[in-house]
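Some notes on the structure that comes next.
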Amino acid sequence: MWRTVQPWRGPAWGVVAFLLSASWAQAQQGWGHLLSPESSFNLLSNGGFELARPAYWEPSGAGATWTSERARTPNYSLKLSGSGAASWTQREAIRNWTPRFPGNAELVVGGWVWMENVNTNPTTDAGKFQLVFEFFDRQGRNLLGGPLVIDLPQQQPSTGRWVQVSNESIGPLILPGDATSARITFRKGASAVGTAYLDDVFIRARAQNVWPGDIFNANMDVPEGWYYWWNNFSAGQSDWPQNQPFVVTATTAGMRRGSRALQMIKQDQPGQTEAVAISQRMPVTVGEPYLVSFWMRYENVANPDRIGTQNHNVGLTVLWYNNLQGGAAGWGEIGGLDIRLNGDYNPMVIPLAPRQASAGWTQYAFVVYPREGAVGMEIRLRQWHDFKGTTYWDDVVVAKVSDVVAALPNLLSNGGFEIFRPAYWEPSGAGATWTSERYRTPNYSLKLSGSGAASWTQREAVRNWVEGIPGWRNPEIEVGGWVWTENVNTNPTTDAGKFQLVFEFFDAQGRDVLGGPVILDVPQAQASTGGWVEISSRRLGPIIFPGEKAARRARITFRKGANATGTVYLDDVFIRKVNPSVEGWPGDFFNANMDVPEGWYYWWLDFPLGKSDWPQNQPFVVTLNEAVKFQGSYSVRMTKRDRPGASEAVVISQRVPITPGQPVLVSYRLRHDGVLNPDSIGLGNYNVGLTALWYTNLQGGAAGWGERGGVDVRLNGDYNPMVIPLAPRQASADWRHYAIVFYPPADPQIVGMELRLRQWHNFSGTTYWDNVAIVPLGGDRLFVSNQDPVQLEVPEHLYLHPNYPNPFRLETTIRFELPRSEYVRLEVYNLLGQRVAVLVEGPMPTGRHEVRFHAGALPSGVYLYRLEAGDRVEVRKMTLLK
């Protein structure tokens, strides 16, 4: 379906500020620039295990290769072959856990080799394969005065098996002092022929009570950017690999994506040891949250019913460091955090690994906060001591949350609160403005003024929490609102001269259940009211609906006739029972106080009572705020008075599409002021934070409930503070960045989620919220391609496509998809917020649609096209070049 339209000249609805941020304008499901685990997005240089070179070992010469042809401890070894000289060198063989190899202790050094078709009995180094050790003190002096050279066995062409070589054949090794670094070289002379493999290099002390340190990746099994270690490797057991306690290795079988994954196999008896793969050290900034994401699968797990209990577990450890150095000087650990996939946390924050013997690839993700004093971090992929089985790991990502949010689409259309338009209310006419000049409940109201007709309309005034009005029973109700008039024309006799508040109620088939609108004339007996006055349907007679769910939808219109003059403000629209003691709740109107912008709403339990002492004694305020913001022009402010347990303050997001079981990143900025009992912050309900809720539909209005549970995240230390930090226990605290990964339940009926930014019941003070983002992480959103995005199939959700062509000279095509029949508005705005064209306005069927936009006489520049369908809004930008 398409049609050609001409530009329409219309009034501005407000300045559109900061609408062009990528995270907001690209808030489309299944769309966006996707980034590789090896890109700058990822702090890990080899998160996908794709680099085909062993960690810490550097090759020289064409004959130096990393191979799985032979391996003593699976799956890799170093290989030297071909013609000419070649070598493998590990320049810094001591890693992190000890500063030295001990002096004055007898050491044994060596490795395991396999020789094939080599030249025999060479007489010069040029014809030999050799293993060379060098030891240096802190000043870089060679403690032995030269290298310790071990000739590899070349008495016959092939060994036919792995054989151990060591310094035992050339005499004892005793360093005259501590060695703070070691260099190991596996080399082939220029005249040597054949092939030599090296595995399991070791340094060990003869005395059992002396630990000289160890060589990391001495088994050559993990790729660059990773290492592993075990506490008894240097003992050099001769029955390995058959009885080695575990295997940690790169594998080319069973990977999720690409050519390699990491494999861990634990074979030992419970409690003896753990298997761990350790990442490179990465720089971090204290106060910044970091996303950690990885994919894992497992098989052949003994005792699968115990997965997730104590040490029969898998997961990872995050460690913090006060330096970024490698080698012996690079210890500097200042603590860390274990995250077992075991339900220590709410499973909607850290999910439980399935209690099955085998489980397919699953993505795990969470946010961590560096400990005070940290400048670096590393992660350790782990099978804890009692776990026995095989795990595979792939696509590991560690990234600053702010980088993730900047790069990937935000599902919220107004996460920065920058769209200056009240939620659910649509203006018509130049005189319809949203203003903070007058308000009853702070800080905004609807304003009608100027010449000519104007109006504000809320097309779907019943939201989510009831299926109809009344919600149950059928009590007598009244509707109304509060108005303030200034310099209006007096005593008009026709609607054209009046200001009016109009209510209409419709059933499920769209029929008007009252037979016509309820029209309340705004008081115009005098020019100005001089204050807020209540207008109500009471004088018109009782309103009783003919059934419990008779009214499924309500439409509210605040209108100014074409001949009316002056100014009228509207605030606090209500629906309430005439007799509060009669059973039954009539429902409510959301954003009836007009205080929050598009994409958000709020509600309070006792608002319809219409207390006359508000705003002085209202329990809380939720409103758009321009005085204090983190970025842009606005934030949302919540203020709660000191009434413990009386109520909570909450602002609720639009509903956005998600995939069950797949992780979703939520990020926001928060600050607080004027907290009365700061020492209580984070204790029980004296708290701030948010709630994520899951839904079986994406609909707004009365039909849009469908809640399937959720999770509260208070900033109170219920979780480890390196996962969910504590809000500062101060009366005032500046902006801080909070983030968390949520896991929707794997319920196939769940299709959507919403966020509720909250001050819990006992909290007293003011909070400010800004830059809220909901970013889906599932599938391959974090991976592959820095090229133009490729459209993914999105079969069930509203989707606004990029226009084509873009840029365009005169005409372009806009395509969009509707998951169901909706009332649709497609409009074009300039960057001043002025509407320059209405392309579609009216009901449209489910399916794909095309609309051609003819720019006519519009000047060159950037324009926004905005699709509104039901309670969902999508916006993109296009460029006109003439």
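The values are calculated or read from the model by the stated rules, or taken from the named source; none is laboratory data. These numbers come from a predicted model, not from an experiment. All Cβ positions, glycine included, derive from the backbone under ideal geometry; neighbour counts span all protein chains shown. Each accessible area value is taken on the protein alone, full model and side chains, heavy atoms only, with ligands, DNA and RNA left out. Shrake-Rupley method; radii C 1.70, N 1.55, O 1.52, S 1.80 Å.
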Amide H within-cut-off set for PHE574, under 5 Å, with H built and near neighbours excluded: GLY480, GLY481
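Report the convex hull volume per residue for region 279-323, counting only C-alpha atoms, in Å³. Don't skip to the end; give the middle numbers.
Numbers: hull volume 5.9 nm³, N = 45.
Given the Cα convex hull of region 279-323, per-residue volume reads 130 Å³.
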Once the Cα gyration tensor of region 239-395 is diagonalised, semi-axes √(5λ) in Å: 26, 19, 16
Rounded accessible area per residue of region 667-768, 1.4 Å, Å²: 32
For region 84-208, projected area of the alpha-carbon convex hull averaged over all directions, nm²: 7.9
Computed helical MRE - 222 nm, the chain, DSSP H runs ≥ 4 contributing -39500 (n - 2.57), nearest 500: -500 deg cm²/dmol
Rounded to the nearest 10 Å², the accessible area of THR124 at probe 1.4 Å: 80
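Grab the eigenvalues of the alpha-carbon gyration tensor for region 238-303, scale each by 5, take roots, and send me the semi-axes largest first in whole angstrom. Intermediate results must be reported in sequence, preceding the final value.
On the way: eigenvalues 155, 59, 33 Å².
Output for region 238-303: semi-axes of 28, 17, 13 Å.
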In sequence order, calculated HN-Hα J values of region 391-405 (Karplus, 6.51, -1.76, 1.60; Hz; x Gly/Pro): 10, 10, 10, 7, 6, 7, 10, 10, 8, 5, 4, 4, 5, 5, 5
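Give me the Å³ per residue figure for the convex hull around the C-alpha atoms of region 48-141. Show your work: numbers first, answer last.
Values: hull volume 16.5 nm³, N = 94.
Each residue corresponds to 176 Å³ of Cα convex hull volume.
Regarding region 341-473, what is the average projected area of its C-alpha convex hull, in nm²?
Numbers: hull surface 69.7 nm².
So the Cα hull casts an average projection of 17.4 nm².
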Heavy atoms of ARG371 accessible to a 1.4 Å probe, total area in Å² rounded to 10: 110
Whichever aspartates and glutamates have a C-alpha closer than 15 Å to that of LYS498, once near sequence neighbours (fewer than 8 apart) are set aside: GLU486, ASP521
Sum of side-chain charges, PRO147 neighbourhood, beta-carbon under 12 Å (Lys, Arg +1; Asp, Glu -1): 0
Sulfur and carbon atoms: percent of accessible area, region 401-511 [1.4 Å]: 44
Sulfur and carbon atoms: percent of accessible area, region 626-690 [1.4 Å]: 43
Solvent exposure, largest accessible area first (probe 1.4 Å, DNA, RNA and ligands not counted), of HIS385, HIS737: HIS385, HIS737
Principal axis dimensions, region 658-720 - Cα atoms, whole angstrom, descending: 41, 28, 21
Orientation-averaged projected area, Cα convex hull of region 404-484 (nm²): 8.8
Ratio Rg/Rh [Cα only; Rh per Kirkwood] for the chain: 1.10
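Compute and list, largest first, the equivalent-ellipsoid semi-axes of region 536-597 from the alpha carbon gyration tensor, each √(5λ) rounded to a whole angstrom. Please report the intermediate quantities before stating the final value.
On the way: eigenvalues 138, 48, 32 Å².
Each semi-axis is √(5λ); the values are 26, 15, 13 Å.
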Trypsin sites (Lys or Arg not before Pro) within region 691-782: DSSP coil, no more than 16 neighbouring Cβ in 10 Å: ARG729
Solvent-free Debye scattering, log10 I(q)/I(0), computed from the Cα coordinates of region 58-113 at q = 0.20 Å⁻¹: -0.92
Aspartates and glutamates with Cα under 12 Å of LYS266, excluding same-chain neighbours fewer than 8 positions away: GLU274, GLU299, ASP386
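Using alpha carbons only, what's the Rg to Rh ratio of region 82-125 with Rh from Kirkwood?
On the way: Rg = 16.2 Å, Rh = 15.0 Å.
Ratio of gyration radius to Kirkwood radius: 1.08.
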Computed label-point distance, nm, for sites ASP712 and GLN509 using a 7 Å Cα→Cβ extension: 4.4
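Given just the C-alpha atoms of region 667-769, how large is their convex hull per residue in cubic angstrom?
On the way: hull volume 11.3 nm³, N = 103.
Cα-based convex hull of region 667-769, divided per residue, equals 109 Å³.
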P(r) histogram, all alpha-carbon pairs of region 315-408 included - 5 Å bins from 0, percent: 3, 10, 18, 21, 20, 14, 9, 4, 0
